[in-house]
Structure formats: C-alpha cells, structure tokens
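What follows is one structure encoded as structure tokens, with my remarks underneath.
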Amino acid sequence: DTADKKIALSNNYAGNSWRQAMLRSWDKVTKPAVTAGIVAAADPFTTAENQVTEQAAQIQNLVLQGYNAIVLNAASPDALNGAVKEACDAGVIVVSFDGIVTEPCAWRIAVDFKQMGKDEVLYLKDKLPKGGNILEIRGLAGVFVDDAISKGIHEAVAENPQFKIVGSVHGDWDQAKAQAAVAGILPSLPNDIVGVVTQGGDGYGAAQAFKAAGRTTPIIIMGNRQDELAWWKEQKDANGYETMSASIAPGVSTLAFWVAQQILDGKDVPKDLTVPFLRVDQATLDKSLETTEKGGVANVEYSAEDAQKVVDAAKK
Amino acid sequence: MNAEPGFIRRLVAKPWLWAYVAAAAVWLVTILFTGGRGGGEVLTAAFTFATFSVIVGIGQLYVVTLGPGNVDLSIPATITLAGAVATKVMDTQDGLILVGLIVALACGVAVGCFNYALIIILRIPPIIATLSSSFLIQSTAIAYGRGIRIKPPAALADFTTAQVLGMPVLALCVIALAAVMEIVLRRTVYGRWVTAIGQNMRAARLAGVNVGRTRFTAYVMSAVFAGLCGYLLSGFSGGSSLSMGEEYLLTSIALVVIGGSSVAGGYSNVPGLWGAALFLFLVVTMLNTYGFGAGLRYLSTGLIIIAVIVAASARKATR
Amino acid sequence: MNGSVLSARTLRNLLPALSLLVLLAAIFYLQPRAISYVGFNLMLNLAIPIAFATIAQMCVITVNDLDLSIGTYVGFVACIGATLLSGGIGALPFIKDLQASGALPATLPWIMNTPLAGVLVLLMGIGVYALLGALIHLRNLPSIVVTLGMSFVWLGLSVLVLPVPGGQAPGWIKSLMTLKTPFIPFPIIAAVVIAVAAHILIMKTSYGAVLRGAGGNPKAIERAGWSLLKVKMAMFALAGFFGMLAGLSLVGLTTSGDANIALRYTLLSIAGVILGGGEFVGGRISPIGAVIGAATLTLAGSFLSFMRIPPDWQIGAQGAILIIVLALRTLIDRAEKRR
Amino acid sequence: MASAATPIISLNGVEKSFGAVRALRGVDLACHAGECIGLVGHNGAGKSTLMNLLAGVFPAEGRIEVDGKDIASRYSVATAQAHGIRCVFQELSLCPNLTVAENARIMHASLRGFGWRKRAGKLILDKLDEVFPGHGISASDIVGDLPIARRQMVEIARAFSVTTAPARLVILDEPTSSLDAHLASQLLAYVRSFVAKGGCVVLISHLLGEILAAGDRVVVMKDGKVVVERPAADFNRTSLVAAMGSVAHDEGANAATADTKRSETEPRVRVAADRQAGGPELIAHQGEIVGLAGLGGQGQSEMLIRIFDAAGKNARNVTVVGGVALVAGDRQTDGVFPLWSIAENITISSLRRMRRGPLIDGAATEAMAEDWKQRIGIRTPDMNNPILSLSGGNQQKALFARALGSDAQTVLMDDPMRGVDIGTKQEVYGMIRAEAEAGRTFLWYTTEMDELKHCDHVYVFRDHHIVAELSRSELTEEKVLHASFAEVA
Ligand SMILES: Nc1ncnc2c1ncn2[C@@H]1O[C@H](COP(=O)(O)OP(=O)(O)OP(=O)(O)O)[C@@H](O)[C@H]1O
Ligand SMILES: Nc1ncnc2c1ncn2[C@@H]1O[C@H](COP(=O)(O)OP(=O)(O)OP(=O)(O)O)[C@@H](O)[C@H]1O
Ligand SMILES: O[C@@H]1[C@H](O)[C@H](O)CO[C@H]1O
Ligand SMILES: [Mg+2]
Ligand SMILES: [Mg+2]
C-alpha cells in the first residue's frame, strides 16, 4: 500500500517540446493516481537552468522534504551520482529515465539510444541499397544521449560501407540551431546527399535549410515532433516523400512513476529496465499525427498494468 | 604610416575593421576546403543567420554603451515570449501579420519597462535584474504557449526567407536598420547622451542629460529589438519554440565586443555588429566544414576569438 | 556626521548577512526539519564550490575585470579531477578505448597512471589564468572578450578530456567533501574557513591593499611604484586557484566529471559577488559578503523547492526570489538613508 | 650622501612630447635641499609634465641627475622614491576604495607584516596632526567617503610621511586648489618648517600670494620652457604676473562696485530656509552673481546639486525658474567625459538647440567649439583632440565653456576656478560679469576671498547651513571668516 507515499519528479530542463510533453504526460497520469489515493503526492520539479549542480541541489531538497521516491530525468549520467547516493542513503527510492544515472543504488529505465542510431542507418540501407553520402546532425555535445545515438550511427555506417558520412554538425536538438548549422555546412558538401540522420527535434530545421539552399530534399530521419510529422505528411501528400521517425516517448516519465510506486509497494523490480523507442513509419504516420497534439511529440503513456508488463518482461 | 592616403588611415582607425577582416579570412579558409565551390551560398547563409543576431546585437549595444555593469540578459527569454505570443495571435493568417508584429513589439516594451523598473525602483544591478526577469519571462512563455509550434502566416514566412540575387531581403532591411541605428548613436542627441552616460553617469546628469529617460529608452529598445527578432525568427524557422532564444545570450554580447565596442561603455559602433555576426557564423561553418569534433570546435572558436581581439589591439598600439 | 557615514556603511555591510537570515527564517517556517544537522548538510554542501567560484570571480572583479569563463573552467577542473587526478593519463576515456581495442596493453606503465599528471595540468590552469591577466593588462584588452573566448577553450578541452560524462573523483576529495564533522555541519565550517581565509588574504594583508587599490585607482598604484602587471597576474592567478578549488570540491560532491557541469557558475558567481555587496568597478568587494552571497543563492533554491510552485512557474519563481532578496536590501538601504 | 651643494635632482635640457604637442622644450631645473621653489605658469605651460618627469612617472629626453649621477635612462618611480622624491599630483592619486591607512601603505612598501595597518594609521595620522591640526580624519575612513579637501589633505600628509626612504624633495602640484584659505595657510606653514629642516619643496600654484609667501625661488614657465628664474624676494604680485606674460589687472577692476539693491521681482532661484537651523533663505535674482562662501566642504556643493536637481521639477523647498547649467569643480568625477574630444565635451549641454531635423548639426557644433576655443583660450591645436590631452586648467576652461555656452539662465559654479591660471581667471571674471549684466544668474561657490568680491550677494555656509548673508557693501574678509569659524571663535 502506497497511499501515504510521496513521489517527486526531478527534471533538469523544460525548454523544449519533448520536455513539455513529458511534463504533461506526468500530470495526466499522476493526478488521477493521487486523486484515487494510490499515492499521497506526485509533484514535478524543474530547475531554472539545465545544470547538474542545480539538479543535485534539487534532489537534496526533495530528500529534505521527505519524498519517499524521486523520479529523475538527469542532467548527467555520472555527475549526479553523489546526490543520488545521498538520497539512497536517506532511504529514498530513485528511479531514473531518459537521462539515466549510473549510480548502482538507482533504478534505470533506459532506451537503447545506440540502437536508435543504428536503426536510422538500417532504414536508409533499406531505402537506398546503393548507399551514398549522408549528413549527421548531432545533439548537445558532452551529453551521453548525443554520444550514444551518434555511436550507433557510426557503427552502422561502418558495417555498411556503401554509406559515407560527409558532414557532421551539432544542432543541440534545437531546430533553429540545426537549421543554421546545416545551412552553413551545406554549400561545402557534395550535391548528392541522400540522407540526413538526426537525433530528434532537428529534422524540420534540416528540411528548411535544404529548401533554402535550393537542394533536393534527401531522406531526413525525423524525431517524432509534431512539426516534423506534419511536414513529412505534407511532403508525402504532395510528392510521396518517404522517411521514418524515431525518439523516446515522453510518456516514459509515467512508466517511471509506476515503477517507483511498485518499488514503494515492496515489489521486486530489477534495477535495469529497457523500453523500446517509439518509431513512426510511413504506414503509421497519419495515425500518429492525429494523436499528437499541436506542438507536442508522438507519445505513449503507461498505465499501472503497462508498467507491470514491462517489469515482468525484465524479470524473465 | 604618414604616407598613407587619408582614407585608408581613417579606415584602419575604425574599431570595427577587424571583425570584417576576421570574417573575410574565415570565409576564405572555408571555401579553400571546397576549392572555391559554394562560396556564395556560404555567404548567403551567413547573412541569413547573422541578421537575427544583429537585430538583438543592436539593442545589446545600446545597453552596453550605458556603462559598466549594463547588460541585457533577458534577450533570449524575450525572443521566445514574443515569438510564442505573435505566432499564437497571428494563428497562420496572413491578414494578422501586422497585428502579430505589434504584439511582438509590445511584448518587448513590457519587458523593457519591467527590466528598467527593477533597475531604477528596486536598484538591482542590471546584470541581475535582467537575469531574474528572464526567468520570469521564460515562465510566462511556458505558461502561455507550452512550446506550441504554430506555423507562421505564409506571407511572413515568405518575407523572412525571400532573397534577391542571393542576398536575403531581411538582411538588406537589417543592414538599413543598422545604418539608421549607427546614425542615431553618432548624430543624434539621444546617441550622444547614451555615450555620455557610459563614460560618467554623474557628469552626464550634471551636464543636463536626462539620465533616467535615456537609460529607460535603451533598455526598452533592447527588449523591443528582441521582440522583433522573436517575431521574424518564428517566421523564418516555421514557428516559435521555447528554446529559440537560447543562443542569443552569449551571441548578443559577443557581437558587441568583437565588433569593437568598449565593454566598459561610452564607446561603441554599430557596423562592427555585422562583421562580428558574420564572423561568428562563419567560424562555426568553417570548423564544421573541416569536420572538427565538438571539443576541437569549441577550442578553436575560443582561440580564434582571442586571436582576433589581440590582433585588433595590436593595431591600436601601433596607431 | 562622521558617525552616521560609518554606521550606514556597516549596515550596508551587514545587509548580505541579513538577507541570508531572512531566507533561513523563511525556510524554517516552510520546512522546520531543514534547519538541522542533516538539513544543512544537504542544503549547503553545493554552496562550497559556488563559494569558491564566487571568490574567484571576486578576485577578477577587484581589478575591474569580469571572468565569463569561470563556469567552464570549473567544469574543466572537474573533468581533470575525475580523470588525470585520480588515475593519471590512463584514466582518460580515449586511452581506455585504445586499451579496449588492444592498441595499448591492459596494464600501463606507472608513469601513465600517476595522478601527478593531474596536478601538473591543474597548475598549468592557474598559469594560464596568470598569463591571461598579463595579456589583458599588456594589450589593454577587454577582459569580457578574452574570457568569453576562454570559456570556449575550457569547454573544448573538457569535451576532449571527457567526451561523455564520467570518470571518478579521487577518493580523498570525495571523503573530504562528505566529512561528517561533530556538531556543526561540514559545509558551514567550510564556508566560514573560505570566508575568513579569503578575507585575510585580500582584505587584511598589506599586499591585499595594493591589489584592491589597483581596482580603485590603477594610476595611483602605478605612480606609487607598484607593477600593475604583477597585480593583474596575481589576481588572475588567484582566480585560477580558487576556481580550481571550486572544481575539485564540486567533483568531490558529484563524484564524476561532466564538461557541462558548471556552466551556470559564471552567472552565479557574478550574482554572488553582487549579492555580497561587491561592485563591478572600483575595487569595492567583500570576500565574506561573497561567501554569504553564494550561500544565499544556494538556499534560495531550497526555499523555492519547499514552496511547491506550479511547474510552469518554477523557473520564474527563481527570478522572483532573486528580485525579492535584492529588493529587500534596497528597502533597508532606503530606510537607513531616510533615518 | 652628496654634499649640500649638489642638487637633489637636476634636469638638463629635458624635452617631452605628446604626439604633436611639445609639452617641454628643453628645461633646466635644479632642486636643492633647504629651498622651496615656487613654480608658476599659464595653463598648459608644462608644469605638471615637468613634475611627472621629476617623479619618474614617464621617461623624457635629456639629462637627469640625482645626487650628481646621471640616471636618465633608468629613472623610474621606484628610483625617485628610493631617493626621497615624492609627488602630490594635480589629479588626486588616492585609491577611493581604500581606507586612509591603506592608502598610506600603498605609498610605503615597507609597511607590511604583522600590524602594518596600525603602523600605517599612526604614520598618516601623526603627519596629518602635524600638517593640518584639527583635521578630523580617522585612519579607518574610506577615502571615497571623504570630501575632496580631506582627500587632498591625506595625500599631502602621505607625501611628507617617512618610513624607510627619506622625504627629501616633495612636489606639490596645485595642492591648495581644493583647500580653503585656512587649510592652505596650515599647509604653507608646514612647507616652511619642512624646508627649514633641510627638505626641498616644489610648489605649483595659480594663487600667486602663496608662491610669494612660501617660495624662496620662483620659476616661471611658458610654453614648455623656463622663462624666468629668480629669488622670490625680487617679485611682487604685479611683476610676477608680468613675468608670466599676463597683464596684471587692477584688483577688483572688473568686480561689481555699486551695491545694487536686490530686485523685488520673483527670484530665479529660491531655497527655503532650513527650519531647524533657522538661517536665511537663499535667493538669486535675474542678473545677480550670488556667492556661496565658507570653509571648504560645508555643504555648498550639495546646495548647488540640490538646486540643479530641482530645475524643471516640483521640488520641495527649492524653486528654480528656467534652465540651469553647472560648472563642476571636481572635474574628474563631475565634469569630464574622458573618451570624448574637447569639442564633444563642450557641446554636450547645447546639443538640443544645434539640430537640423533629427540630427546634430556638425557645422554648428564645430563652430561653437571653435568660438569657445577663442573666447576662453583653450590651448590645443585641434578641438577634436581628446579632452584628456589638455592640461588640468584647460580642461576646467572647457567645462566653463560648456556651461556658459548653454542656454541656461542660471549657471551654478562649484568652485570652478580650480587650477585655472591667473590670466584666464581675469578673463572669465569679466565674462561672468558681462553675462550677468545680460541677465544671467550665477551661483558661485568659492573658497577664495578675491572671488567673492565679484559677487553681488554672499551666503556663508557652515556645517551644511547658511549662517550669514552679506550684501556687497557688507562683505569683508573678517565677516566671512567670522561667520565661517563662529563656533571656534
Ligand atoms: N549622485 C548620483 N551619482 C551617481 N548616479 C546618480 C546620482 N544621482 C542619480 N544617479 C543615477 O542617475 C540616474 C537618473 O537619476 P535621476 O533621478 O537624476 O533621473 P533623471 O534623469 O532626472 O530622470 P527624469 O528626468 O526622467 O526624472 C539613476 O540611475 C540614478 O541611479
Ligand atoms: N597625456 C597627454 N597627452 C597629450 N598631451 C598632453 C598630455 N599631458 C599633457 N599634455 C599637454 O602638454 C602640455 C603641458 O601640460 P601640463 O599638464 O604640463 O600643463 P600645466 O602647466 O600643468 O597646466 P595647468 O596649470 O593647467 O595644470 C599641454 O599642452 C597639454 O595639453
Ligand atoms: O532529453 C530529450 C531526449 O533525450 C530526446 O531524445 C532528445 O531531446 C532531449 O531534449
Ligand atoms: Mg533629470
Ligand atoms: Mg598642471
């Protein structure tokens, strides 16, 4: 019974649509849970700036406030270990997701970002068996998600030498930034770019940059943002444009919530859980776009039962 | 040196020259990579993106000119707020373009008034006042739009992406704007007042300068330009986003100082902004083109900035 | 007349401490158990690196300059602390990759595992700071641009050292930073030691007077026969030194490094100096005030978290609290003037 | 030690140029122990430059001998100090953010180690007690909090105080410009006793009375050269002025003579009487020159600032009709825009009426600058040169030009003649008189009795209150001094 338990969400950044969708999902799922008396509280907290130190302080404050569990989207996989360890020592359950932490006392709900990168290249291989030149748009330097996705992409390209990465820029998961970076490097790139591999939040910017440069639009892998999907659909309707889209579903925060609740309930939950990333294909595009709100991200939210299934699968 | 014709001597004496020299050098190195191919397109892209930084750079420049400690850190948040509010108000309708512009500028006016109220009524140092208000503005933007990306009206998108002969129309407009603001700084009473305050606020007051109104106007102007930038940027990049202003914090300050204005205030020039904006964009492009990884890219960017400022100072020393 | 000038000044000097007390009272009201041994440990241990960074920034502000690179420098030190300083060159990720791929043997010669490499690099960091001071003075450069450039340099170096967050802080730093001192929580002791040490160094020593004088009237210092070059170098080296302590204490708390770990320290340290009663120009600074300013900023975060603001407004509330703390000072200041 | 006949320092044919300006064109000067050299000359004659050279601040061409040895090539501030050569510069050289004691330490490198602060405090206070008895300064005062006169006193005392290096030659560059008559006489008395004990002083002043009273030898400079060098006893005021190249004006020739009855009309400036102190109200009518007298720093400047701030507003207790302009005395903090040219500094207050459309009319500002260069005699080849290239007195003239050139009906003058040479002063007095006759009102804070004689009406300040009101016919030095010192007397 967890009716008297309090769960907090510690979030390091709220400045993009993915994070906003994540916070909305949290609200949507936890509010009814609180009303239903499943837990006593499920409060979200966001730091003002995307900084490890600020989040470490936030975690410490949450411990002081007597939360029984902290659901954590971490600014850094390692640098919060000190604060996480202190929380564990104080008897607080820590469940990390998306931005996971390496501290052994915490639970991790990981998405295989590396696999996501690989899948992007494999999709291109499918569509373009002859291969060709591709452009890579990376995320924020020094953050492990960026490194993991990029590693996957490069591994897959190494395995498929018909592809060649002719340029790599950092778009910081921000479409305006991605647009500027791509616009800058495009003129120096060969004319026959066949694909753009991305990390999410940057596909639309890339498309704009190609359009502004007057180049034919290659296959740009999208990142599930509504504007990306909408652009894709527009192209699809106009000229049959085909691509794929993948990202972690912001609703993973709700899975983390249920996992934390189950641990508090005394259930045995393995420390490492993996969830698949959410992928949108040509066939599922229309439906995904329909269910994604304007300015949001394609999403799945988890119920207590969904969470139970994920846990059971991991135990096997 | 004495043998030089007067024109060249005057040109060399311009503090903004080095920003352009650096930009040109970086451009040459970039197109060296491709053997000259794509040089024009790189410039087009540079002008396209420099435009937005220059718009906010002008406002920042006026604020920085007001003297030590004066800086506007709320520019990014204002860009975001204005972009969000404007796109929502326009709601993709071409007929509402003007309304959207007015709303975006009004956001700027409100932010500017709020900033200056903190500075003057509560006597909070500008750097902290504008930082604090930027948090409030960011929250307002989140609460207002929750990051909703609404497409800009088609006419606005077309205008912000239009080109003539490879030159972005918007860039041409902002070059004109920069020229006007340079004239305001040098040749109007207001500009002189700003510069006077930057050198010695007390002396300015005692020389009859209306210090309060002049500073107020500068802070409002900075926020209004940020609002304008947010409006145009959301038109250009297909809607507003919560993070759209982020990069303009460091950029706006960097433009002012690399452009040859004094960070201590009292001595500024607008032309340098364009040189610095082109330079900053081209540096990133050059390093991307040469395939530098993030680490080396940051490192080189830093070293290049320092090298430019040292080179500019060498010119001053030999003058 | 003399007496009233003096008391107004003392009161102004007391303002930072006063705002801190008000904040503590508010925290106590919201969350009584925060005001306890454990509570202070949790709320204030991250104030230690901020306090060091604030003192570092203060050194630079003393001579009328501003360091926009302190945040990335602290991050750089943390990255070095989590790699070279704990396991020597062998602890660098790319060496480990080489080992994993078999290009390097699994056991490395001792010279590649000695933490001395870390010590050396950190000393070089301080040296770079001193050189920056010299460069800025000799070329009469605006410090803001130079340090803006340096912020990219440090960030680049950090990313090169640690492309992905990771590494391990040396054990001795970790245990020092989590020391459980009797009765008084370690962060409080540390803050007092930092404040007193910096106060003695800058406010009490005879050379400290020269250092501060160089901010008040550099020409006068030069005319009295002192070398402004040495002063600038000394102040920047001090900044590098305190920045290093900030990075080391930070990595001791976080236990591992991250290039982006302390970007925020640049603005925080400036805010800390100002909250502590320092001024941007004229060499008017207060080390004790700066440490109090750092503590205030840290506690402001706790206060907000205890307030349970709706998510949309959590960021804004941090702005509001900064405004309130500073407005409080203005009010007291005004009341004093009216008296 | 060299013999008494060898000068402490001697300069032979030294030259110094700042770009195109030849500030010194071959100067010879020897300073001997036991004498006070009075150095005079018009603004920009090169006096300060020469003193900077003596103090080792910047290098020069020529021969510099210290104690008989030529050390021109490696002469520096440190060498100068080691040989006991000290300088009180024209522009104050204290650190405003430090205490009085800490400022003493800046000068004396040997004040270090445990307890240095106490020793520094004692050193400076002892000297202050000696030079300016009853100075009212404490060692822990922050210099920036002190009024300018006290700052000047601290700097003077610091120059005379001795730790390891002796004080053999002390250069005083216009030390009395911010001191009132009382403090100035204390200083001159100390200078005499210092010289009597074998020290040497170089005293620069535009108050010729001081030079004649304290100097043993007078050196007159003109356009970067020493033109006359003779014992002080050979001079009187008139001959000294003649030697400087100005025609001595008959004392008070320009001064108002008749005691005009105060106008009954509504005054331009009215400051209500202080209710607690009960003094008179301050009134200034159109065309009047109103003096604010008293010792230095008794609230006169604050009164001017109050009036300045009240202009064009509904201020309590202060009514001001029409615009005001102010001539700052503390030009570093209140007057000069250091990054600007002379022309820009002069025209800043008049820009609003020199517009063509929205833009400033460049021709008009240039004309105004040139006009004032002629009218007030600013010594510069080009008004577009930076203001800091001007000598101190010439900077002050530029500030005068700024205020007189504006269209303000009332001009406030905050001890404005600091560092202005005697010839120029006479011209400015004339200008003020003429402007007053044309209807302008002047409020003039001055610590010099001679200047009060130009006023139609005088208010004496003591401890931030007006304690006496004297009309032109009532004005005597005794009455002013009496009111200034009432409590002491
Ligand atoms: N004595 C002073 N020293 C330094 N700064 C001052 C001084 N007095 C005022 N200021 C600064 O000058 C600015 C303007 O103050 P002031 O009240 O003179 O405004 P103002 O120009 O008269 O405005 P307005 O005419 O619109 O009322 C303020 O930022 C204030 O902090
Ligand atoms: N730093 C400088 N740069 C350029 N010119 C200078 C500089 N310092 C002094 N001068 C010029 O050198 C000349 C001598 O100036 P100096 O200050 O020695 O005069 P002064 O006799 O002390 O005058 P005053 O009585 O007004 O103080 C002046 O023409 C002045 O403009
Ligand atoms: O944190 C999120 C996710 O990691 C996503 O994969 C990319 O965008 C970032 O903002
Ligand atoms: Mg005013
Ligand atoms: Mg002089």
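Values quoted throughout were computed directly from the atomic coordinates according to the rules given, and no laboratory measurement underlies them. Nothing here was measured: the structure is a model prediction, and the numbers come from that model. A quick note on method: Cβ atoms are made from the backbone with ideal geometry, for glycine too, and the neighbour counts reach across all protein chains shown.
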Relative contact order (%) - criterion: Cα under 8 Å, at least six apart; region: segment C:11-334: 37 percent
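Which value in deg cm²/dmol, rounded to the nearest 500, describes the helix-derived mean residue ellipticity at 222 nm for chain B, given -39,500 (n - 2.57) per DSSP H run of n ≥ 4 and division by the residue count? Could you put the intermediate results ahead of the total?
Details: 14 runs with 236 residues, N = 319.
It lands at -25000 deg cm²/dmol.
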Could you please rank C:Ser69, D:Ser471, placing first whichever residue has the fewest other Cβ atoms within 10 Å of its Cβ? D:Ser471, C:Ser69
Of the DSSP beta bridges with both residues in the protein assembly as shown, give the percent that are antiparallel, rounding to the nearest 5. 40 percent
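Determine, from the Cβ-Cβ distance of A:Thr217 and A:Leu128 and an R0 of 22 Å, the FRET efficiency 1/(1 + (r/R0)^6), rounded to the nearest 0.05.
Values: r = 14 Å, r/R0 = 0.64.
For R0 = 22 Å, the calculated efficiency reads 0.95.
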Likely footprinting exposure, B:Arg297, A:Arg225, D:Arg117, fewest C-beta neighbours within 10 Å first: D:Arg117, B:Arg297, A:Arg225
Please go through segment D:79-127 and write out the chymotrypsin sites (Phe, Trp or Tyr not before Pro) that DSSP classes as loop and that have at most 13 other C-beta atoms within 10 Å. D:Phe114
Would you work out if chain B is rounded, prolate or oblate? Take a ≥ b ≥ c from the square roots of the eigenvalues of the alpha-carbon gyration tensor; rounded if a/c is under 1.5, else prolate when a/b is larger than b/c, oblate otherwise. oblate
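Just tell me how shielded C:277-285 is by partners: mean number of partner chain Cβ atoms within 10 Å of each residue's Cβ, no decimals. Don't skip to the answer; put the middle values down first.
Values: counts 0, 1, 4, 8, 5, 5, 4, 5, 1.
Mean number of neighbouring Cβ atoms from other chains: 4.
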Under 23 Å Cα-Cα from A:Lys85, which lysines qualify once same-chain neighbours fewer than 8 residues away are excluded? A:Lys5, A:Lys6, A:Lys267, A:Lys271, C:Lys174, C:Lys180
D:Phe18, A:Phe210 arranged by Cβ crowding within 10 Å, fewest neighbours leading: D:Phe18, A:Phe210
Let me know the Kirkwood hydrodynamic radius for the protein assembly as shown, please, with Cα pairs as the basis and the value in Å to one decimal. 35.0 Å
By the gyration tensor of its Cα atoms, with a ≥ b ≥ c the square roots of the eigenvalues, what is the shape of segment C:250-338: rounded for a/c under 1.5, prolate for a/b over b/c, or oblate? oblate
Taking alpha-carbon centroids only, segment A:193-240 lies from segment B:138-185 a number of Å equal to 22 Å
How high is the relative contact order of segment D:21-153, in percent, counting Cα pairs under 8 Å that sit 6 or more residues apart? 18 percent
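Restricting to bridges with both residues inside chain A, how much of the DSSP beta-bridge set is antiparallel, in percent to the nearest 5?
Numbers: 4 of 40 bridges.
That works out to approximately 10 percent antiparallel.
Quick one: net charge of A:Gln60's neighbours, Cβ under 15 Å, K/R +1, D/E -1? Provide the component values of the computation, followed by the final result.
Numbers: positive: A:Lys85, C:Arg33; negative: A:Glu54, A:Glu86, A:Asp89, A:Glu103.
Net charge in that neighbourhood comes out at -2.
What does the average come to when, for each residue of peptide D:287-293, you count the partner chain Cβ atoms lying within 10 Å of its Cβ?
Numbers: counts 0, 0, 0, 0, 0, 0, 0.
What the average comes to for D:287-293 is 0.
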Charged-residue dipole, Cβ positions (Lys, Arg, Asp, Glu), chain C about Cα centre, Debye nearest 20: 940 debye
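Per DSSP H run of at least 4 residues, take -39500 (n - 2.57); add these up for chain A, divide by its residues and hand me the 222 nm value, nearest 500 deg cm²/dmol. Walk me through the numbers on the way to the answer.
On the way: 11 runs with 139 residues, N = 316.
-14000 deg cm²/dmol, from helical runs alone.
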Show that you can apply the helix-only estimate: for chain C, add -39,500 (n - 2.57) for every DSSP H stretch of four or more residues, divide by all residues, and state [θ] at 222 nm to the nearest 500. -24000 deg cm²/dmol
Could you tell me which trypsin sites (Lys or Arg not before Pro) in segment D:147-219 are loop residues by DSSP with no more than 16 other beta carbons within 10 angstrom of their beta carbon? D:Lys197
How many partner chain Cβ atoms sit within 10 Å of a residue's Cβ in peptide A:40-52, on average, as a whole number? 6
Shape call, segment C:11-334: gyration tensor on alpha carbons, a/c limit 1.5: oblate
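Output the relative contact order of chain B, whole-number percent, from Cα pairs under 8 angstrom with separation of 6+ residues. Please report the intermediate quantities before stating the final value.
Values: 548 pairs, mean separation 113.3, N = 319.
Relative CO of chain B lands at 36 percent.
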